[in-house]
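For reference, the structure discussed in these notes is given below.
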Amino acid sequence: MVLLEAILGGLSDEKSGAKRELCANAAREFLLWSAKHIPMPKTKEGGVSSASASSNLNAASLLRRLFERLAHPEAYQRLGAAQAMARCADAMGRLSDLNHVSDAFYLEAVSKCVGALRAAEHDAEGTGTKTQVADALAALLKVPLRRTNLADSLKTPRTDRQGFVDLAAFLGWLWKLTVVPERYCRDICMWLMDKLATLQMEDAMQTGHLILTYIPTLLTQLLDDNKGAVAVWFQWQLQQDNAESESEAIQKFLTIQCQLENSEAAISLSHLRLWIQAVEASVSWASWALKQQILTPSQLHQSTPSSTKSSKATTGSADVGADAGMHGQQNCMPALLDFLSMIPDLTEAAADGGEGSVLTGCEHDTKHLAFKALTFLQQIKEDNIFPADLPALHNFLLAALLAPAHLGVSPPEAQTARRLANKAKELIEEAAQVWPGMLPHLQRGIGRYLSAVIGTEGQGTLLVSDRGDWEWGVDLPAAATLLQGLTLAADLKLPQGQSLIPASFKADLPQRFLFLAANLQHNALPQQQLAAEGALNLALHLGIPAPAILDKLIGPSCQESFYESYRTVIHTWLMFNASSCVGALFDALAGQQAAAQRVAEAVLTGCLIGLQRSRDAQGRADIRQRSFLGALLPQLPKLASLIAVPSANSEDMVTKRMTYLHLLAHLLKLDAQHVLDPSQPSFTFIFDSYCSILTLRYESCVHHGTYYEGPEFVQRCPGQQQEDEMRIIIM
C-alpha cells in the first residue's frame with residue numbers, strides 16, 4: 001500500500017506534468033501486476049466467479065482511490081486520476097486477466113469520468129482536465145469493443161457491481177445527462193449514448209429482433225425506418241418503464257431547466273447566464289434528437305409558442321423582464337425566440353455604439369448558443385416552425401453574417417467570426433429555397449444597416465468621408481468583419497439570381513472599397529491591413545470592372561505597393577479573369593513605364609509560381625492552369641520588342657531580354673509539353689526568339705542562358721540544325 005500511496009501522491013502533483021505521467025504509467029503497471037500475481041478463482045464452468053472481482057484487493061483499492069480522486073474538487077487531483085484511468089483502461093482492453101476487474105468496475109469507471117468531466121467545465125483555463133478526462137472516456141469505450149465477452153457480461157444484471165447493475169441501468173442514467181448545461185460534458189454524453197446504446201442494442205440491430213417478449217412489432221418498424229441505436233433504445237426503454245408516454249418523455253428534455261421570471265425587475269447577470277446555458281442545452285438536445293430520429297418536427301410544433309408569445313418575440317424588444325419571461329415552465333422553441341429577441345437591432349446598435357445590450361456580460365454563452373441555433377434552424381428550415389417574416393430571426397441572421405460582435409464574438413476571434421458567418425450564409429441559401437418571403441426582409445435589413453455603418457454620403461460609423469476621400473472609422477475590427485460578411489453576402493446563391501445587397505449600394509460600394517484598399521499605408525496596422533484586404537475582396541466580389549483594378553496595378557499612377565500588399569488576392573482574381581486582363585499586362589511589360597513593367601512581370605511570374613506550387617502540392621495540374629496558359633501564350637508575341645537586336649550595346653536591352661527569359665523559364669517549368677507544342681500559335685515566336693538571342697554576343701545573356709535549362713525544348717525542336725543551335729544556348 002505504500003507504493004500505491006506514492007503513486008497516487010504523484011498523480012496529484014500540480015507542478016510537474018512529467019511526474020503525473022510517470023505515476024499514471026505506474027498505476028497501469030500496478031494494475032497489471034495485481035492481475036498477474038493474484039489469480040482469480042474459477043467457477044466449475046471455467047469462468048470467473050461473481051465474487052472474485054472484489055477479492056483482488058490491490059486492483060480494487062487502486063480503482064476505488066482513482067474514483068475518489070475523479071470526484072475531488074481540486075482540478076489537479078482529477079487531472080492525475082484521469083491520466084491514470086486512461087492507462088488502466090488501455091490495460092483492461094488488452095489483458096484477459098483483467099476481465100473480472102473490468103466486469104465489476106467498468107460502468108462505475110465511466111460514470112466517475114463523466115462526473116469529472118462535468119466538474120472540469122468550471123476549472124481554470126489551461127488546466128487540461130477536460131481533454132484528459134475525455135481521453136480517459138475514449139480509452140474506456142475501447143474496452144468492450146476489444147473484449148466482446150465483457151460487452152455480453154455488461155448486459156447481464158449483477159448485484160455486486162457498484163452503482164449500476166447492468167448496462168441498461170447505466171444508459172438510463174446517462175440519458176438524463178444529454179441535456180445538462182455543461183456543454184462539453186453534454187456533447188461527450190451524447191457521443192457515449194450513441195456508442196453504448198449501439199452496444200446494448202447490437203443484437204437487435206444485427207438480427208432484426210430483441211427478446212420477442214418485449215416489443216417485436218415496434219422494433220421491426222424502427223428498424224425498417226432505419227432508426228439509429230439511440231432511437232431504438234429509447235423506444236425499448238419506454239416499453240420497459242411503461243411510466244410515461246413518448247411525448248411526455250421528450251417534452252421533459254425540451255423544457256428549460258432555468259426559467260426567467262415574468263416581472264418588471266431587472267434580471268441579474270448570473271441568472272441570465274444560467275438561462276442562456278439552459279436554452280443552449282435544450283436547443284442542442286433538440287438538434288441531436290432530430291439527427292438521431294428520436295424527435296420529430298411534429299413534436300417540436302407542440303412546443304412552438306402561441307400567437308401571443310410569438311408576437312412578443314417578434315418585436316425585437318430588449319426588455320427581457322417584460323417580454324422574455326413566461327409563467328410556469330418554458331420550452332425550447334419559445335425560449336429560443338426570446339433569445340433572438342434579446343439580440344440588439346443592428347441599425348439601432350450602430351447608431352448608439354451597441355451600448356445597453358441586455359446580453360452584455362454573457363458574450364461567451366451567447367456565442368455558443370448562436371452556433372447551436374444556426375445548426376438547429378438548418379435542421380427545421382423545411383418544417384415551417386418559424387415564420388418567414390420574423391424580425392428577430394432576420395436580425396439574428398444578419399448579425400451572424402455582418403456583426404458577430406453582437407453575438408458574443410470578440411474582435412480577436414477572427415476565425416470564429418468567419419465560421420459563424422459561413423454558417424449564416426449556408427442557412428440563408430438553404431432557407432431562401434423554402435422561405436422565399438424572407439429575402440425581402442433581409443434585403444431591407446441589410447440596407448438599413450449599411451446606411452448606418454457606411455452611409456450614402458460618407459457619414460457612417462465604420463467608414464467616413466472627408467471631401468470625397470474615404471477613410472476608416474475608429475472600429476477597425478468591426479469594419480473588417482463587416483467586409484468579410486458582405487463578401488459572403490455577395491457570394492450568396494439565391495433563387496433567380498437575386499442579391500442580398502441592395503442595388504443602390506452595389507453600384508457605389510466597389511469604387512469606395514477599392515479606393516480604401518489602394519490608399520493603405522506601408523506602415524499600416526495589422527487590423528488596417530485585414531480591413532483593407534476585406535475591402536478589396538468585396539470590391540472584386542461586387543463585380544468591379546477589370547480596368548479599375550488594372551489601373552491600380554499598371555496604370556499611369558500605379559504603385560508597386562498595391563500589388564505587394566494584395567498579391568494573393570490579385571493572383572486569385574487574375575486566374576479567373578485571365579482572358580480579359582493578361583493582354584493588358586503584356587502591353588505594360590512591353591511598354592516604356594518602368595514601374596508598370598516591374599508590376600506586370602511580378603504579377604505574371606507570381607501566378608505561374610503559384611500554379612507550380614499547387615501542382616507540386618496536389619500531385620496534379622491545377623484546374624485553372626490550362627485556361628490561364630490558354631490566355632497567356634497567345635500574348636507572348638507582344639514581347640517581341642524585348643528581344644529586338646539593339647543598335648548599340650545597352651544594359652537596358654539585356655535586362656529586357658532577361659525579363660522575357662525569366663518569364664519563359666517559369667512557363668517551361670510549369671508545363672513544357674504544352675508550351676512547346678508545335679500546334680500552339682506562340683511556338684514559332686518562342687523558337688524565333690531563341691534564335692534571335694543566339695545571334696547576340698552579349699556574354700551576360702549567354703551566361704544567364706543556364707537559367708532556363710529545358711531539355712524538353714531541345715527534344716521538341718524540329719530539325720537537326722535547330723536542335724544543335726538550342727543545345728549551344730543551353731550549354
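The values are calculated or read from the model by the stated rules, or taken from the named source; none is laboratory data. Because the structure is predicted, anything quoted here is derived from the model rather than measured. FYI the Cβ positions are ideal-geometry reconstructions off the backbone, even for glycines, and counts take in every protein chain you see. When the accessible area is computed, the model is the full protein with side chains, heavy atoms only, and any ligands, DNA or RNA have been set aside. Shrake-Rupley method; radii C 1.70, N 1.55, O 1.52, S 1.80 Å.
Modelling each spin label as a point 7 Å along the Cα-to-Cβ direction, I'd like the residue 124/residue 655 distance in nm, to one decimal.
Inter-label distance under the simple model: 6.1 nm.
List the lysines whose alpha-carbon lies under 24 Å from that of residue 155, not counting same-chain residues fewer than 8 positions away?
By straight Cα distance, residue 155 reaches 42, 44, 112, 142, 176, 195, 227.
Pull out the extension gain between residue 493 and residue 444, defined as 0.36 nm times the separation in residues minus the alpha carbon to alpha carbon distance; nm, one decimal.
15.8 nm
When the chain is fully extended, how far beyond the present Cα-Cα distance does residue 191 get from residue 507, taking 0.36 nm per residue of separation?
108.8 nm
So, taking all protein chains as they sit and a 1.4 Å probe, how much accessible area belongs to residue 85, in Å² rounded to tens?
Here the residue's solvent-accessible area equals roughly 0 Å².
With the Cα gyration tensor of the stretch 524-574 giving a ≥ b ≥ c as the square roots of its eigenvalues, does the rule (a/c under 1.5 for rounded; else a/b larger than b/c for prolate; else oblate) give rounded, prolate or oblate?
It is oblate, given that a/c is not under 1.5 and a/b is not larger than b/c.
Accessible surface of residue 14 in the full protein assembly, 1.4 angstrom probe, to the nearest 10 Å²?
110
Could you tally the net charge around residue 380, taking each other residue with its Cβ under 13 Å from the Cβ of residue 380, Lys/Arg +1 and Asp/Glu -1? All intermediate terms of the calculation are to be shown ahead of the outcome.
On the way: positive: 291, 372, 381; negative: 382, 383, 430.
It works out to a net charge of 0.
Multiply the residue gap between residue 18 and residue 561 by 0.36 nm, knock off their C-alpha separation, and tell me the result in nm, one decimal place. Don't skip to the answer; put the middle values down first.
Details: separation 543, 0.36 × 543 = 195.48 nm, distance 5.04 nm.
Here the segment from residue 18 to residue 561 would lengthen by 190.4 nm.
Between residue 677 and residue 548, what FRET efficiency follows from the Cβ-Cβ distance if R0 is 35 Å, with the result rounded to 0.05?
Taking R0 as 35 Å, the efficiency between residue 677 and residue 548 is 0.50.
What order do 159, 481 take when sorted by accessible area (1.4 Å probe), most exposed first?
Accessible-area ranking of 159, 481, largest first: 159, 481.
Sort 423, 142, 291, 130 by heavy-atom solvent-accessible area, probe 1.4 angstrom, most to least.
Putting 423, 142, 291, 130 in descending order of accessible area: 291, 142, 130, 423.
With a ≥ b ≥ c the root eigenvalues of the C-alpha gyration tensor of the stretch 102-162, is it rounded (a/c under 1.5), prolate (a/b larger than b/c) or oblate?
Oblate, because a/c is 1.5 or more while a/b does not exceed b/c.
Taking the mean number of other Cβ atoms within 10 Å as a proxy for protection, how do you rank 86-99, 162-175 from highest to lowest?
Those peptides, ordered most packed to least, come out 86-99, 162-175.
Would you rank 301, 406 by solvent-accessible area, highest first, keeping every protein chain in place and using a 1.4 Å probe?
Of 301, 406, the descending order of accessible area is 301, 406.
How high is the FRET efficiency between residue 594 and residue 615 when r is their beta carbon distance and R₀ equals 30 Å, given to the nearest 0.05?
Approximately 0.40, to the nearest 0.05.
Leaving ligands, DNA and RNA out of it, work out the accessible area of residue 499 with a 1.4 Å probe and give it in Å² to the nearest 10.
Rounded to the nearest 10, the figure is 40 Å².
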